[in-house]
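Structure first, commentary second.
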């Protein structure tokens with residue numbers, strides 16, 4: 001009986017939080033012809049009833065004429 005209770009608590013702890021993503025959360029101009037792209041994962045905590053961002057990153061993308069653009 002004790003083992004079954006321990007397994008049930010462990011299963012609840014594992015399924016309490018779910019994470020999805022990464023998703024693009026913001027795109028902005030850098031003022032010099034490029035873009036800044038912000039990406040975050042979304043975490044839902046079912047026990048607390050909250051949704052929050054986690055593992056956010058920012059990537060700079062240069063825009064301009066490359067070898068193939070004419």
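What to note about this one:
- Measuring max minus min along each principal axis, the C-alpha atoms of region 16-61 give extents of 45, 12, 10 Å (largest first).
- With neighbours defined as other Cβ atoms within 10 Å of a residue's Cβ, the residues 30, 38 order from fewest to most as 30, 38.
Since every read-out is calculated from the coordinates, none of them should be taken as a lab result. Given the structure is predicted, the values throughout are model-derived calculations rather than measurements. Ideal geometry is used to build each Cβ from the backbone, glycine not excepted, and the neighbour counts take in all protein chains shown.
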